[in-house]
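Structure record follows, encoded as C-alpha cells.
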Amino acid sequence: MRIGLVGVGRIGAFHASTLKALPAVDQVVVADADPGRAETVAKELGLSFAPDVASLLSGGLDGFVIAAATGAHAELIAAGVAAGVPTFCEKPVALDLAETQRVVELVEAGDVPVHIGFQRRFDAGYQAARAAVESGELGFVHHIRANTNDAVPPHREYIPQSGGFFRDCTVHDFDIIRYVTGREIVSAYATGANRGEAFFGQYGDVDSAAALLTLDDGTFAMVSGTRYNGAGHDVRMELQGSLGSIAVGLDEHTALRSAEPGVNFPAGPPHLTFMDRFQPAYVAELTAFTEVAAGTRDVPCTVRDALAAFRVADACELSRAENRVVTL
Ligand SMILES: NC(=O)c1ccc[n+]([C@@H]2O[C@H](COP(=O)([O-])OP(=O)(O)OC[C@H]3O[C@@H](n4cnc5c(N)ncnc54)[C@H](O)[C@@H]3O)[C@@H](O)[C@H]2O)c1
C-alpha cells in the first residue's frame, strides 16, 4: 500500500513514522507547504517526498493522510475526494461550523471514504469504558469527568491556526463522551482563562478552560483542560454510575501524585506528550485507516461524527463569550 501524507509538523512526522512501520504499508510519501521540511523529515525517517500536494495526489496513492494545520483540512479533504483517494484527516475538519458542514455535504455526496482522526476511540481504556456503559454494569451514569491537560503549550504560531481551545483541544473530550456513552450533548456552559503566556489572549484564545455539559439522558459531564499541566500530559475520564464507577487513563503513568501518606501510586514516570500517552491508539487508528483504504472496514469516525463534536466546541466558545448556557 502506498500512502501519501501531507503536513509533517508535530503529529504529521509522528504519523509518517507510525505508517512506515505498519505491515500493510509499503511506501510513505510526504509533502508539506514547506517542501524543505518535507524533504528533511523524509530523509530522517527514510521516506519519499513530493514537492507539493498535487504531485503527491497524482502519484498513485492507496490512501491520503492529512496532518497539516487545521485551516488547510477542508481544502485538502476536497482534493483527496476529487482524486478518488481514501482519506484520513486529523481533527478538526475545519476552523468553523459552516466549512465543516460543507465538507460533510461534499463527502456524503460521494463514495470516497473519509476517516477523521479522533484517536481516543482506539484507546483500550476508552473502549473498555464504552463496553461498561453498554453492558449496563455501571447502572445509570449520572456524572462524567473528562480532562485534556497538555504538559506544555504548542508553539506560538499554532494557536491562531488552531480554532481556539475548545475546537482544538477539548473537542477530543466532546467526541469521546459521545463515543463512550452513545448519547448526544444538548447544552453547554463554558468558561476559560489566560494564566500563562500572553499570546493566547492576544489571539482571542484561552490556555485553561472548563465546561459543564448536559447529555440527552440527563447525565452531567464536566470537561476541563489546560495547556500548562506541569505534572505531565494528563488525559482521563471518570464515569460514575448507580451501580459502579470506572476510570480511563488511571495507571502507573498518570501525571498525578497521591496526597495520602504512604501511597505510592501512580509510581510513574508520567506521560509527557500525546504521542506517548496514545501511541498504541495511533497505531490502531492508522491500521484501521489502511483497512478503510483497502475497503475491508467501514469508516470508524466519520465527518458527521466530527461535526457533532465541533458543534459542542462551538457552543462552548459562544457560552464563554456570552457567559451563558448554550442549548445545542
Ligand atoms: N489527534 C491528535 O492527538 C492531534 C495532536 C496534535 C495535532 N493534531 C491536529 O493535527 C494537525 C497538525 O497539528 P500539528 O501540531 O502537527 O501542527 P504543526 O504546526 O506542528 O504542523 C503543521 C504542518 O502543516 C504544514 N502545513 C500547513 N498548511 C499546509 C498546507 N496548506 N499544505 C501542506 N502543509 C501545510 C505546516 O508547514 C507544518 O509542517 C492540526 O489540525 C491538529 O489539530 C491532532
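In table form, for the structure just shown:
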{"quantity": "Of all residues making up the range 54-75, the number that are within 13 Å of the ligand (Cβ to nearest atom) and open to solvent by less than 70 Å² (accessible area, probe 1.4 Å)", "calculated": "14"}
{"quantity": "Exclusive hit being small (Gly, Ala, Ser), farther than 30 Å from Asn194 by Cα and buried (at least 18 other Cβ atoms within 10 Å of the Cβ), set Ala306, Ala281", "calculated": "Ala281"}
{"quantity": "Members of the range 1-53 that are out of contact with any strand residue (DSSP E or B) (no Cβ under 7 Å at 6 or more places or on another chain), part of a helix (DSSP H, G or I), aliphatic (A, V, I, L, M) and within 11 Å of the ligand (Cβ to nearest atom)", "calculated": "Ala13"}
{"quantity": "Residue check, Ala98 away from the ligand (no atom under 16 Å from the Cβ), under 22 Å from Val326 (Cα atoms), assigned to a helix (DSSP H, G or I) and open to solvent by 20 Å² or more (accessible area, probe 1.4 Å)", "calculated": "yes"}
{"quantity": "The range 121-140, subset open to solvent by 10 Å² or more (accessible area, probe 1.4 Å) and either within 16 Å of the ligand (Cβ to nearest atom) or within 16 Å of the chain's Cα centre (by Cα) (or both), residue farthest from Glu285 (Cα to Cα)", "calculated": "Gly125"}
{"quantity": "Search result, residues across the range 32-53 that are closer than 27 Å to Asp150 by Cβ and crowded, with 19+ Cβ neighbours inside 10 Å", "calculated": "Asp32, Ala38, Val41"}
{"quantity": "First in the range 30-56 and in the same structural domain as Ala67 (by TED's automatic domain parsing), second anywhere and basic (Lys, Arg), Cβ under 8 Å, 6 or more apart", "calculated": "Leu45/Lys20; Gly46/Lys20; Leu47/Lys20"}
{"quantity": "Matching residues in the range 141-164 - criterion: being over 16 Å from Ala198 (Cα atoms), in a loop (DSSP other than H, G, I, E, B) and within 11 Å of the ligand (Cβ to nearest atom)", "calculated": "Asp150, Ser162, Gly163"}
{"quantity": "Qualifying residue in the range 266-283 (condition: outside any loop (DSSP other than H, G, I, E, B), touching a Gly at 6+ places or on another chain (Cβ under 7 Å), more than 16 Å from the ligand (Cβ to nearest atom) and in the same structural domain as Pro153 (by TED's automatic domain parsing))", "calculated": "no"}
{"quantity": "Residue identified as closer than 23 Å to Val206 by Cα and touching a strand residue (DSSP E or B) at 6+ places or on another chain (Cβ under 9 Å) among Thr273, Thr327", "calculated": "Thr327"}
{"quantity": "Subset of the range 311-326 that is within 14 Å of Phe165 (Cα to Cα) and charged (D, E, K, R) - its residue that is surrounded by the fewest Cβ atoms within 10 Å (Cβ to Cβ)", "calculated": "Arg311"}
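This table checks each residue for (1) without any contact (Cβ under 8 Å) to a residue 24 or more places away in the chain; (2) over 24 Å from Thr327 (Cβ atoms); (3) not in a loop (DSSP other than H, G, I, E, B).
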residue	(1), (2), (3)
Arg178	no, no, yes
Thr191	no, no, yes
Gly204	no, no, no
Ile246	no, yes, yes
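The values are calculated or read from the model by the stated rules, or taken from the named source; none is laboratory data. Since we're looking at a predicted model, the values are computed, not measured. Note: ideal-geometry Cβ built from the backbone for every residue, glycine included; neighbour counts use all protein chains shown. The accessibility values were calculated without ligands, DNA or RNA, using every heavy atom of the protein model including side chains. Shrake-Rupley method; radii C 1.70, N 1.55, O 1.52, S 1.80 Å.
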